[in-house]
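Colleague: I'd like to ask you about the structure that follows.
The values are calculated or read from the model by the stated rules, or taken from the named source; none is laboratory data. Please read these numbers as outputs of a predicted model, since none were measured by experiment. Cβ atoms come from the backbone with ideal geometry, glycine included; neighbour counts cover every protein chain shown. Side chains are part of the model used for accessible areas, which takes the heavy atoms of the whole protein and leaves out ligands, DNA and RNA. Shrake-Rupley method; radii C 1.70, N 1.55, O 1.52, S 1.80 Å.
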Amino acid sequence: MHSRLVILLASAAALVPPTARRTVVRGGAPLRSAQIVEDLTEENALLRNEIIRKDAIIEGLLQTLSASAMSTSLYTAARGTPLTDLCQISKEACDAVTPMLLAFYEKIADQRHGGASKLKADATYFTIADGIVQHMIIEYLFAGDKFGQIVGEEDESEINIVEKPYTVDDLEVPEEFNGIIDATLVKVRALADRIDSNAFKTMTAFVDPIDGTREFATARGEYVTILLGYADELGHPTAGIMYRPLTEPVTWAAGAKSEECVMGNLDMAEEPHPQGMLVTDAKVSPFINGLIDELGYERVNSVASGNRAMMLLEGKGGAYIRDTGGFAKWDTCAPQAVLEAYGGCLAKLPAFLKDQTLESYTHLKTTKNLDFTPNQVHLTLSNAKDKGSYVKGVDVLVQDVNVVKEYSCIQGLVAVDAKAMPDLPKIHDAMMHMTTEGGPWSKPFYN
């Protein structure tokens with residue numbers, strides 16, 4: 001155990017980028033004292049952030065080891081393809097909850113039914129189905145400390161499907177759903193026994209029970225996905241599934257790159273759109289608008305993180321790039337794992353913009369954002385840990401990691417499928433041309 005711990009801590013230390021360890025060298029004409037102080041202050045802020053980030057990663061690794069009571073001498077894989085098996089079981093779990101989701105969808109999508117949906121504080125719809133699906137996956141499918149850590153989007157919800165009347169927070173589940181909830185739970189419990197109880201002790205599972213909750217609640221269920229992602233001890237996604245439960249037939253994609261595992265049933269585009277840039281249904285940032293024009297791409301409207309990643313695999317767009325935030329680690333873990341298994345990528349934008357490095361978000365259970373860089377991220381309503389700290393119309397560059405949510409993705413993303421991987425140098429060249437030749441709106445706006 002101790003030798004394994006040393007390896008993990010050494011790996012965590014290796015995550016500190018060279019820029020945070022560099023020595024400041026100043027030559028030539030003397031710098032003014034004020035400039036020297038400013039430079040040293042910036043260096044100290046970067047070093048402080050890296051120390052906090054590394055400590056948080058180490059804390060997460062230690063929690064994983066403690067939670068799993070890991071012993072390398074006791075574990076021998078029962079099969080040679082544990083991640084492939086996990087993908088298959090995850091798919092069957094999604095199959096199991098789909099009839100229940102469909103039953104809720106038929107009631108919840110039309111809000112005239114009343115009482116079955118409410119508005120969360122962050123202005124996204126929360127549904128009874130969202131809470132129950134996550135509860136079944138985490139508390140029953142993943143029961144028994146099978147994973148080192150588990151992170152779910154709806155972790156703060158209180159679910160009762162043991163004593164009637166069933167409840168989700170302060171909402172009482174209509175009695176008509178009791179039967180299908182009970183039947184679904186039986187299926188999920190049966191699948192739980194098939195998950196290897198030792199193979200995933202150092203992994204972190206990320207669960208988004210209904211990605212596209214707003215679409216679920218507004219009768220656009222074809223864009224909804226269930227996202228189950230599994231990250232290794234350093235937080236890199238290694239397996240996952242994206243599953244559209246409300247299409248007919250259901251469409252899905254799963255995979256694990258290390259085991260050359262690719263599974264799925266996709267709705268392939270009749271005419272592939274390799275020069276289509278997937279954009280959100282909200283306002284597109286000036287940087288992305290400029291990039292699309294620089295590349296000569298076309299804008300392809302899209303919604304929901306999981307759905308967008310599946311659209312790339314289906315040939316409905318060539319790239320999905322964004323500088324702005326509004327998404328979280330449970331939105332990226334499964335999509336990244338699956339895209340990489342299929343030969344594509346999902347990476348943070350700053351490292352790619354710098355030198356085409358494909359750097360992963362860090363998917364670990366944590367109390368601090370593990371991808372934060374001081375003076376890079378703009379505070380928004382969606383990334384602020386305390387929403388009272390956000391003032392509309394006031395632009396604030398965040399200096400303290402404790403100000404932003406621990407799981408917010410605050411460094412944009414670059415995502416393409418396998419066929420578009422050769423286009424990455426062209427995309428990078430277009431970005432560089434924009435940032436060097438364009439005006440102030442030609443640079444990314446991370447938030």
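Colleague: May I ask you to list the residues of the range 409-447 whose amide nitrogen lies under 19 Å from a point 7 Å from Cα along the Cα→beta-carbon direction of Asp395?
Modeller: 410-412, 434-447
Colleague: So, one more: Using a Cα-Cα cut-off of under 26 Å, which lysines could be cross-linked to Lys187, ignoring same-chain neighbours fewer than 8 residues away?
Modeller: Answer for Lys187, where 26 Å is the Cα cut-off: Lys91, Lys107, Lys146, Lys164, Lys201, listed by chain and number.
Colleague: While we're on this one: How far apart, in nanometres, would the label points at Asp386 and Asp145 be if each is projected 7 angstrom from Cα along the Cα-to-Cβ direction?
Modeller: 3.6 nm
Colleague: Based on alpha-carbon centroids, what's the gap between the range 203-220 and the range 301-347 in Å, whole number please?
Modeller: So the separation of the two Cα centres works out to 14 Å.
Colleague: At q = 0.25 Å⁻¹, what log₁₀ I(q)/I(0) does the range 122-213 have when each alpha carbon counts as one equal point scatterer in the Debye sum?
Modeller: Computed log10 I(q)/I(0) values: -1.33.
Colleague: Which values, in whole Å and largest first, are the semi-axes of the equivalent ellipsoid of the range 322-405 obtained as the square root of 5 times each eigenvalue of the Cα gyration tensor?
Modeller: Working through the eigenvalues yields semi-axes of 25, 14, 11 Å.
Colleague: Mind listing the long-range amide H neighbours of Ile150? Cut-off is under 5 Å, sequence gap 5 or more, other chains count too, H placed in the peptide plane at 1.01 Å from N.
Modeller: Residues meeting the amide H criterion: Ala205.
Colleague: Lys354: which lysines have alpha carbons under 20 Å from its alpha carbon, excluding same-chain residues fewer than 8 sequence positions away?
Modeller: Within the straight-line limit of under 20 Å, Lys354 reaches these lysines: Lys426, Lys443.
Colleague: Taking one equal scatterer on every alpha-carbon of the range 174-257, how large is log10 of I(q)/I(0) by Debye at q = 0.18, 0.19 1/Å?
Modeller: With no solvent term, the Cα-only Debye profile gives -1.01, -1.08.
Colleague: Moving on to the next point. Give me the Kirkwood hydrodynamic radius of the range 346-447, using the inverse of the mean 1/r over all pairs of distinct Cα atoms, in Å to one decimal.
Modeller: It is 14.9 Å.
Colleague: Any chance you could get the radius of gyration and Dmax over the Cα atoms of the range 244-293, in Å?
Modeller: Computed over the Cα atoms of the range 244-293, radius of gyration and Dmax are 15.7, 40 Å.
Colleague: Further, regarding this structure: Given the options Ala347, Met310, Asn383, identify the residue whose Cα lies farthest towards the positive end of the charge dipole of the range 303-386 (+1 on Cβ of Lys, Arg; -1 on Cβ of Asp, Glu).
Modeller: Positive-end residue among those listed: Asn383.
Colleague: Also, quick follow-up: Semi-axes of the equivalent ellipsoid for the range 238-396, please: Cα gyration tensor eigenvalues, times 5, square-rooted, ordered largest first, whole Å.
Modeller: 27, 20, 16
Colleague: To the nearest 0.05, how large is the calculated FRET efficiency for Ala190 and Glu106 if R₀ is 35 Å and r is the Cβ-Cβ distance?
Modeller: 0.85
Colleague: Translational diffusion coefficient of the range 381-423 at 10 °C, 1.306 mPa s, Stokes-Einstein with Kirkwood Rh over Cα pairs, in µm²/s as a whole number.
Modeller: Here the translational diffusion coefficient equals 124 µm²/s.
Colleague: Which one of Phe216, Leu234, Ile195 has its Cα pushed farthest toward the positive end of the charge dipole of the range 189-247, where Lys and Arg give +1 and Asp and Glu give -1 at the Cβ?
Modeller: Of the options given, the answer is Phe216.
Colleague: Based on the mean of other beta carbon atoms within 10 Å per residue, what is the order of 417-425, 250-258, 227-235, most packed first?
Modeller: Highest mean packing first, the order is 227-235, 250-258, 417-425.
Colleague: With every protein chain kept in the model, how would you rank Val416, Val262 by accessible area, 1.4 Å probe, largest at the top?
Modeller: Of Val416, Val262, the descending order of accessible area is Val262, Val416.
Colleague: How much length is gained if the chain between Lys419 and Asn178 is pulled fully straight, taking 0.36 nm per residue apart and subtracting their Cα-Cα distance, in nm to one decimal?
Modeller: 82.2 nm
Colleague: At 1.002 mPa s and 20 °C, plugging the Kirkwood radius over alpha-carbon pairs of the range 181-315 into Stokes-Einstein gives what diffusion coefficient in µm²/s?
Modeller: 125 µm²/s
Colleague: For the range 260-327, would you read off the P(r) tail past 15 Å as a percentage of all alpha carbon pairs?
Modeller: 52 percent
Colleague: For the pair Lys283/Ala351, report the inter-label distance in nm, with labels modelled 7 Å from Cα in the Cβ direction.
Modeller: 3.1 nm
Colleague: At what distance in nm do the modelled label points of Gln376 and Arg220 sit from each other, each positioned 7 Å from its Cα along Cα→Cβ?
Modeller: Once both label points are built, they end up 3.1 nm from each other.
Colleague: So what is the accessible area of the range 176-330 per residue, in Å², with the probe set to 1.4 Å?
Modeller: Computed with neighbouring chains in place, this is 37 Å² per residue.
Colleague: Another question, if that's okay. Could you list the residues of the range 342-383 with an amide nitrogen less than 19 Å from a label point located 7 Å from the Cα of Phe445 in the Cα-to-C-beta direction?
Modeller: 349-350, 375-383, by backbone N distance to the label point.
Colleague: While we're on this one: What accessible surface, in Å², does a 1.4 Å probe find on Tyr166, ignoring ligands, DNA and RNA and rounding to the nearest 10?
Modeller: Approximately 10 Å² for this residue.
Colleague: Rounded if a/c is under 1.5, else prolate if a/b beats b/c, else oblate: with a ≥ b ≥ c from the C-alpha gyration tensor eigenvalues square-rooted, which is the range 179-228?
Modeller: Oblate, because a/c is 1.5 or more while a/b does not exceed b/c.
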